[in-house]
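**Student:** This is the structure, below, for whatever I ask next.
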There are 2 protein chains.
Amino acid sequence: MANRKISNTLALAVLGLLREQPMHPYEMASTLRERHKDSSFKVNSGSLYDTVEALVRHGWIEPVETARDGRRPERTVYAATGLGESEFVRWIDELLRTPVAEYPKFMAAVSYLGALGPDRAAEALTERAQQLSRRIEETRAVLADTVDSGKVPRLFMIEVECSLHAWEAELAWTRRTVTEIRDGSLVWPRAERTEQGWTWSAPTDTERKGTAG
Amino acid sequence: MANRKISNTLALAVLGLLREQPMHPYEMASTLRERHKDSSFKVNSGSLYDTVEALVRHGWIEPVETARDGRRPERTVYAATGLGESEFVRWIDELLRTPVAEYPKFMAAVSYLGALGPDRAAEALTERAQQLSRRIEETRAVLADTVDSGKVPRLFMIEVECSLHAWEAELAWTRRTVTEIRDGSLVWPRAERTEQGWTWSAPTDTERKGTAG
DNA sequence: CCGCGTATAGTCGGATCCGACTAATAGGGA
DNA sequence: TCCCTATTAGTCGGATCCGACTATACGCGG
């Protein structure tokens, strides 16, 4: 069915760009990259062209021109329709208002943290913490170079602040968890099979790591 | 190509379950729900059966029995292979170690917060804050009923703590942003078309909302 | 003026995802 | 006992996603 509601947020980005001016898909992709929006939207050329077609099917955008420059492939230029402009705003409102379940890969892995055992788990999380803080520094640098320097209004990069905040929170949790593993406050139970599923028992004091203190 | 690396984390969940004991797919789904793991993994029946097949193709799991109970559809029971068990641990390690870009829907919407105008944006974020805090309360209740009451070891629900932490951070950012919109510290520039792309200007003092204080 | 790397612009086929559907049985109230 | 619903178990076809690929043009060092 062509009428399944559009869910890919890349369509939101397309709509946002076409609200400013008509464009062909390749230009959308490069504009998004220029504006650092490729950290909020997964810009994949294949998906982009599919998304544009889906938007046309829904009547949210329409082709306005098909130009050919020399013998390069044709470029089809699209523009937002009135419907598209209003749905753009409605969709943003909905996405902001209503939290939906997301399934980040990190959460899946944390879910089975136990399988690594305390030492390897702490080591892996420590490495993540390093990479996260590097990424945070890089992002701060981008903000300094765009917003703080007055090149771009803060509102236009507000999502960068938002994800920065999220990463900082993740970093804090990660570091805290490493500490709790090392000082023994996050206990590794020993699981055992019985006829009726699983039981577990807290390790005895002598089994616990001696690093507590 | 059947050899594209498995990326769906539902496969991680399957592996985690089969490491405990052989199971048929439907039982995997219900076990995951019972254990509240359906908040870290998107458990969709269609995807589940596809994922199981992919795991078989990769040799990470294998069918061990095909039972038929009365005239019900056949149930195929699977077990993890040695390869599957080791890849399970390796995969978790990798997912923990290396942060990867995710594209949450919220971030996409925040990216175009400007399009709603200050009043509607603040209103939408306020509603989100309410829903988030409700969800946080519910999650706390689940933790109280499982971990705090000693029914389940903390390590086995650690991902719930992790996502709780993430939601709290999101809630904090959301509330702070509402405040900044209302007191005028997050400024709405007026964008204008010129021949050379866009310019913007900060609103004059008299244009700014009078709620600042 | 000839390679050669990079930018431009988009296509294609297969992998993946998912919701809606089927179909049988168990349980429980009237 | 008979119907209605919930649970058990899985199938199917289409929608979506994505990486790898094609093909032209442009700049520039030698």
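**Student:** Could you please state how large a percent of the accessible area of region A:10-97 is carbon and sulfur, counting protein chains only and using a 1.4 Å probe?
**Tutor:** So the carbon and sulfur contribution to the accessible surface is 44 percent.
**Student:** Here is a follow-up. Add +1 for every Lys or Arg and -1 for every Asp or Glu among the other residues with Cβ under 13 Å from the Cβ of B:Val56, and state the total.
**Tutor:** Counting the neighbours of B:Val56, the net charge comes to -2.
**Student:** Continuing with the same structure: Taking beta carbons within 10 Å but only from partner chains, what does the mean come to for residues A:150-157?
**Tutor:** Other-chain Cβ atoms within 10 Å of each residue's Cβ, averaged: 5.
**Student:** Using the Cα centre of region B:10-97 as the reference point, and only Cβ charges (+1 on K/R, -1 on D/E), how large is the resulting charge dipole? Debye, rounded to the nearest 20.
**Tutor:** With Lys and Arg at +1 and Asp and Glu at -1, about 220 debye.
**Student:** Closest to the A-onto-B rotation axis, which residue of chain A has its Cβ, and how many Å off the axis is it?
**Tutor:** Looking at chain A's Cβ atoms against the axis toward B, the nearest is A:Ala169, 2.
**Student:** Using the 7 Å Cα-to-Cβ label point, sort the distances from B:Glu65 to its equivalents in the other copies shortest first and give them in nm to one decimal.
**Tutor:** 6.9
**Student:** Rounded to the nearest 10 Å², what accessible area does B:Val100 have for a 1.4 Å probe in the complete protein model?
**Tutor:** Spelled out: B:Val100, probe radius 1.4 Å, area about 70 Å².
**Student:** Also, quick follow-up: Using θ = phi - 60° and the Karplus curve 6.51 cos²θ - 1.76 cosθ + 1.60, what whole-Hz ³J(HN,Hα) does each residue of region B:34-39 get, with Gly and Pro shown as x?
**Tutor:** Whole-Hz 3J(HN,Hα) from phi for region B:34-39: 3, 8, 6, 7, 6, 8.
**Student:** DSSP loop trypsin sites (Lys or Arg not before Pro) in region B:43-125 with at most 15 other Cβ atoms within 10 Å of their Cβ, which ones?
**Tutor:** Passing sites in region B:43-125 are B:Arg68, B:Arg71.
**Student:** Between region A:106-158 and region B:93-132, what is the separation of their alpha carbon centroids in Å?
**Tutor:** Taking the Cα centre of region B:93-132 as reference, the centre of region A:106-158 is 16 Å away.
**Student:** Here is a follow-up. Could you derive backbone 3J(HN,Hα) for region A:129-141 from the dihedral phi with the Karplus parameters 6.51, -1.76 and 1.60 (θ = phi - 60°), listing whole Hz in sequence and x where the residue is Gly or Pro?
**Tutor:** The phi angles translate into 4, 4, 5, 4, 5, 4, 4, 5, 4, 4, 5, 4, 5 Hz.
**Student:** With every protein chain left in place and a probe of 1.4 Å, what is the accessible surface of A:Val64, to the nearest 10 Å²?
**Tutor:** Here the residue's solvent-accessible area equals roughly 80 Å².
**Student:** Averaged across the residues of B:160-173, what count of C-beta atoms belonging to other chains lies within 10 Å of each residue's C-beta?
**Tutor:** That average works out to 5.
**Student:** What FRET efficiency do you get for B:Ser149 and B:Ser30 if R0 is 25 Å and r is their Cβ-Cβ distance, rounded to the nearest 0.05?
**Tutor:** It comes to 0.65.
**Student:** Hey, another quick one. With a sphere of radius 14 Å drawn around the Cβ of A:Glu34, what net charge do the other residues whose Cβ falls strictly inside it have (Lys, Arg +1; Asp, Glu -1)?
**Tutor:** Combined, the nearby Lys, Arg, Asp and Glu give 0.
**Student:** Quick one: dipole size for region B:1-152, taken about the Cα centre, charges +1 on Lys/Arg Cβ and -1 on Asp/Glu Cβ, in debye to the nearest 20.
**Tutor:** Approximately 200 debye in magnitude.
**Student:** Can you compute 3J(HN,Hα) from phi for each residue in region B:100-112, using the Karplus curve 6.51 cos²θ - 1.76 cosθ + 1.60 with θ = phi - 60°, rounded to whole Hz and x for Gly and Pro?
**Tutor:** 10, 5, 10, 10, x, 4, 4, 4, 4, 5, 4, 4, 10
**Student:** Still on this structure, I have one more. With a 1.4 Å probe and all protein chains left in place, how much accessible area per residue does region B:10-97 have, in Å²?
**Tutor:** 51
**Student:** Let me ask something else. With a probe of 1.4 Å, find how much accessible area region A:105-201 has per residue, and write the answer as a whole number in Å².
**Tutor:** Here the per-residue accessible area is 47 Å².
**Student:** Continuing with the same structure: Can you tally the net charge around B:Leu96? Count Lys and Arg as +1, Asp and Glu as -1, for every other residue whose Cβ sits under 10 Å from the Cβ of B:Leu96.
**Tutor:** 0
**Student:** Also: Long-range amide H contacts for A:Tyr78: which residues qualify at under 5 Å (H placed 1.01 Å from N, peptide plane, sequence gap of 5 or more or a different chain)?
**Tutor:** A:Met23, A:His24, A:Val64
**Student:** Could you tell me the total accessible area buried at the A-B interface, probe 1.4 Å, in square angstrom to the nearest hundred?
**Tutor:** 7400
**Student:** Exceeding 21 Å between C-alpha atoms, which entries from my cross-link table qualify? They are B:Lys5/B:Lys37; A:Lys37/B:Lys5; A:Lys105/B:Lys5; A:Lys5/B:Lys5.
**Tutor:** Pairs exceeding the cut-off: B:Lys5/B:Lys37; A:Lys37/B:Lys5; A:Lys5/B:Lys5.
The values are calculated or read from the model by the stated rules, or taken from the named source; none is laboratory data. Treat the numbers as computed from the prediction; the structure is a model and nothing was measured. With ideal geometry, Cβ positions are generated from the backbone for all residues, glycine too; neighbour counts draw on all protein chains shown. For accessibility, only protein heavy atoms count, side chains too; no ligands or nucleic acids. Shrake-Rupley method; radii C 1.70, N 1.55, O 1.52, S 1.80 Å.
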